[in-house]
Amino acid sequence: MIRNIVAKRYSNALIQTFQPDKLKLLENEVKILTNFLRDNKQIEEFLISPVAENRFKKEVLEKLAEGLKISDRFNDFLKVLVDADRIFFLKDVCHQIVRQIHQRLNIYDFQLLTAYPIDSKTLKKIKEFVKIYVSGEVHLKHSIDKRIKGGFLVYNENLAINASIANSLLNFKREF
Amino acid sequence: MKIQPEEISRIIKEKIEKYDYRIDVSEVGRVIEVGDGIARVYGLKDIMASELVLFDNDVYGMALNLEEDNVGCIILGECDQIKEGDIVKRTKNIVQVPVGEELLGRIINPLGIPLDGRGEINAKRFMPIERKALGVIQRQPVKEPLQTGLKAIDSMIPIGRGQRELIIGDRKTGKTALAVDTIINQKDTDVYCIYIAIGQKRSSVAKVVEVLREHKALDYSVIVSASASEPPSIQYIAPYSGATIGEFFRDQGKHTLVIYDDLSKHAVAYRQLSLLLRRPPGREAYPGDVFYLHSRLLERASKLSDELGGGSLTALPIIETQASDISTYIPTNVISITDGQIYLETKLFYSGIRPAINAGDSVSRVGGNAQIKAMKDVAGKLRIELAQFRELEAFAKFGTELDKDTQQQLTRGYRLVEVLKQDQYVPIPVEKQIAVIFMAYNGYLDDLPLEIIPVVEREIFQMIDTEYKGLGKKLLQPEGVTEEIERELHSFCKQVKSNFEHQILKSSRENELEINEK
């Protein structure tokens, strides 16, 4: 839980230093860094290592910024994380930054579950349906889950729209 | 009833054909931690404090801690099946309990689920367990008496309808017995009774139920049981559920008596929950809002204004002390909240004075207004008289020689103490109480041996029921003890005594004869 609190505070502070129209750029930079660290586990392990010295971590971050074309402000932010010994929470901070940017830009990230693959037309229809319940842009991340038997289930951390056959059967069972 | 398989198939077929395809849209969160009856949930962004939440497996919970990044919920049921990652749904409702006359005679848990095996409760109405106490305008002062049927209470520590009177004492001093007696005495009155068992042994609850059933008191009572084996969350909501059931009757213009047995265990359950929810501990490890826990509950006791129907909710909270120490945290809190206390003492209990009420430390701050006039006239100075007797009695133990007046005062004191003794589950109508106390207070029992007093008492009751029925009725009139009634009371006492002296004489002669024959 402390991870969440720390990540929220740092990401909130960083976002406040950006103009709203630059937030998309920041999101891209965060995503580039996250993808890079995902593909290069050793660098991530080095950055979060408690035994590695902070000056070396900063050097690595400097080089990363050059290579990944990360803005100076985001790079400075990463160095602040190193100085405050909070680089350990880098992954959570990055996740929170994207979440908070989406919140500010009224973008809602949802997980979509269906029992079978669906075409883009159905995906669009579901997106339109979800938009009824949220006032903003809807991003759906689709995956297959046979357990829902049919229909679909859309959810994020605060809202669940359950139009699955499994749920209908459960409601049907409850009536008896 | 025999169920035909074809019938079931037909119903299912109909249901499938007419099935209304429904999409469930709910605000949700996910369980991130669960254990000890507590779940921490991530999400549930707009949840209200005390809102009911639904876990997977149809287990309900209640949101208690709204924190920066999670919600602390208490689980109102078995938490074994809840696991990390489970979805938690908002219900947008505060915890509710069924209310109404359908509950009378039933034993339920604090969520309204029946525990007596007598089938479902078909209540038509539900009400939230947490309700705001009434304001000043909606209330009126306590003015009607709530008779307990116990001489010591009705005479010295009278309770009024809408009052909050604490029953406090060590274990096994007769606290529950006193409450049960009060319930039994409400038979043939317009008072509904709600007995809330919090953290009690199931055997004790069963015993109370049995006694109430035996005395036909269950017909106008509701038992809310959150026994010691229930999770602390259930124990925590129990008194609020009971108060809501009582409030329903009160709002209908009826009168309710609610017994919270006991609030010390309620505080302990709340302490457990608070510590598990990581709320900062204070004195005796109770959380900072433990005073509010009980004050908001007991503030719900009230006497409604006539415009609102004049209903009332009388609260009798019970507190169990340890080693007679009433200066610990919870007892002092509840003493300060209530309108008085009935203090039961182990020492008195074991010396045979039952109910073991300590008249000096017991008080009723508002009940005096509600006491019937005749009782006030007769027993007005009883408490002072008894207090003086206790002092004298202590002094007399030093073996000093006492003057006649002091001896007389001691004799009277012993008789008063004897008269105030009462058997369990035998409530006495108030007119009979007045007659007995009048007789003792005015010295008619002074020359009778102590062991004969219970017999005299029975004689008094019998006479009030038969030839002095009119006097009994007069004592209940609002005028109180007028000169005429006082004269009548004196002549009544003389007759009782003369009847009795004759009987004593007769029995002593018989005894003499027996001895001579031998």
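Each reported figure results from applying straightforward, stated rules to the coordinates on display, with no laboratory input. Please read all numbers here as calculations on a predicted model, not as lab measurements. Heads up, the Cβs are rebuilt from the backbone with ideal geometry, glycines too, and the neighbour counts pull from every protein chain shown.
Working from Cα positions, state the angle (0 to 90°, nearest 10) between the long axis of helix A:23-39 and the longest principal axis of chain A. For A:23-39 against chain A, the angle is about 80 degrees.
Would you work out which of B:353, B:328, B:470 lies farthest towards the positive end of the dipole of the protein assembly as shown, given +1 charges on the beta-carbon of Lys and Arg and -1 on that of Asp and Glu, about the Cα centre? Of B:353, B:328, B:470, it is B:328. Relative to the Cα centre, the charge distribution of the range B:46-91, modelled as +1 at Lys and Arg Cβ and -1 at Asp and Glu Cβ, gives a dipole magnitude of about 160 debye.
Would you mind checking the pairs A:31/A:125; B:421/B:474; A:41/A:63; B:376/B:432 and listing those with alpha carbons more than 21 angstrom apart? Write out the running numbers ahead of the final one.
Values: A:31/A:125 28 Å; B:421/B:474 25 Å; A:41/A:63 16 Å; B:376/B:432 14 Å.
Exceeds cut-off: A:31/A:125; B:421/B:474.
The range B:348-405: which GluC sites (Glu not before Pro) are DSSP loop and have at most 13 other beta-carbon atoms within 10 angstrom? Please list the in-between numbers first.
Values: sites: B:385, B:391, B:393, B:401; in loops: B:401.
Of the GluC sites (Glu not before Pro), the ones in loops of the range B:348-405 whose Cβ has at most 13 other Cβ atoms within 10 Å are B:401.
By the beta-carbon count within 10 Å of each Cβ, the least crowded to most crowded order of B:303, A:131, fewest first, is A:131, B:303. Farthest toward the positive end of the dipole of chain A, out of A:87, A:122, A:33, is the Cα of A:122, where the dipole comes from beta carbon charges about the Cα centre. Ordering B:420, A:140, B:382 by the number of other Cβ atoms within 10 Å of each residue's own Cβ, fewest first, gives A:140, B:382, B:420.
Packing, as the average of other Cβ atoms within 10 Å across residues, places the peptides B:449-458, B:74-83 in the order B:74-83, B:449-458, highest first.
Shielding by partners for A:155-165, please: the mean number of other protein chain Cβ atoms within 10 Å of each residue's Cβ. Present the calculation step by step, with values, prior to reporting the outcome.
Working: counts 5, 2, 7, 11, 7, 9, 5, 8, 5, 2, 1.
Average neighbour count from other chains, rounded to a whole number: 6.
A DSSP coil position with no more than 15 other Cβ atoms inside 10 Å describes the following trypsin sites (Lys or Arg not before Pro) in the range A:135-172: A:149. Mean per-residue shielding of peptide B:61-74 is 1, counting Cβ atoms of other chains within 10 Å of each Cβ. When only the Cβ of Lys, Arg, Asp and Glu is charged (+1, +1, -1, -1), the dipole of the range B:27-154 relative to its Cα centre reaches about 740 debye.
Taking chymotrypsin sites (Phe, Trp or Tyr not before Pro) as candidate sites, keep only those in a DSSP loop with at most 14 other Cβ atoms within 10 Å, then name the longest stretch of chain B containing none of them. Mind showing how you got there, number by number?
On the way: sites that count: B:19, B:21, B:398.
Excluding the exposed sites themselves, the longest stretch runs over B:22-397.
Here r is the Cβ-Cβ distance between residue B:57 and residue B:13 and R0 is 30 Å; the resulting FRET efficiency, rounded to 0.05, is 0.55. Charge dipole (Cα centre; +1 on Lys/Arg Cβ, -1 on Asp/Glu Cβ; no other charges) of chain B amounts to roughly 520 debye. Cross-link partners of residue B:143 among aspartates and glutamates, defined as those whose alpha carbon lies under 15 angstrom from its own and excluding same-chain residues fewer than eight positions apart: B:154, B:165, B:306, B:339. Taking the helices alone, chain B has a mean residue ellipticity at 222 nm of -12500 deg cm²/dmol, built from -39,500 (n - 2.57) per DSSP H run of at least 4 residues and averaged over all its residues.
Kirkwood Rh and Cα-based Rg: tell me the resulting Rg over Rh for the range A:1-151, rounded to two decimals.
Numbers: Rg = 18.3 Å, Rh = 17.4 Å.
Computed over Cα atoms, the ratio is 1.05.
Work from the charge dipole of the range B:220-301 (Cβ charges, +1 for Lys and Arg, -1 for Asp and Glu, about the Cα centre) and give the residue of B:290, B:280, B:232 farthest towards its positive end. My answer, from the dipole projection, is B:280. Within straight-line reach of residue B:13, meaning a Cα separation under 18 Å, sit the following lysines at least 8 residues removed in sequence or on another chain: A:173. Charge tally around residue B:334: other residues with Cβ under 12 Å, Lys/Arg +1 each, Asp/Glu -1 each, net -3. Among all the aspartates and glutamates, which ones have a C-alpha under 14 Å from residue A:8's C-alpha, if same-chain residues fewer than 8 places away are not counted? Qualifying aspartates and glutamates at Cα under 14 Å: A:92, B:67, B:68, B:69.
Determine the sum of side-chain charges near residue B:377: Lys and Arg each +1, Asp and Glu each -1, restricted to other residues whose C-beta is under 15 angstrom from that of residue B:377.
Details: positive: B:373, B:376, B:381, B:383, B:474, B:487; negative: B:154, B:385, B:431, B:479, B:483, B:484, B:486, B:488.
Charge balance near residue B:377 sits at -2.
The helix-based estimate of mean residue ellipticity at 222 nm for chain A, built from -39,500 (n - 2.57) per DSSP H run of four or more residues and divided by its residue count, is -19000 deg cm²/dmol to the nearest 500.
Measuring against 30 Å, Cα to Cα, the residue pairs A:91/A:121; B:124/B:216; B:172/B:473; A:22/A:58 contain A:91/A:121; B:172/B:473 as the ones spanning a longer distance.
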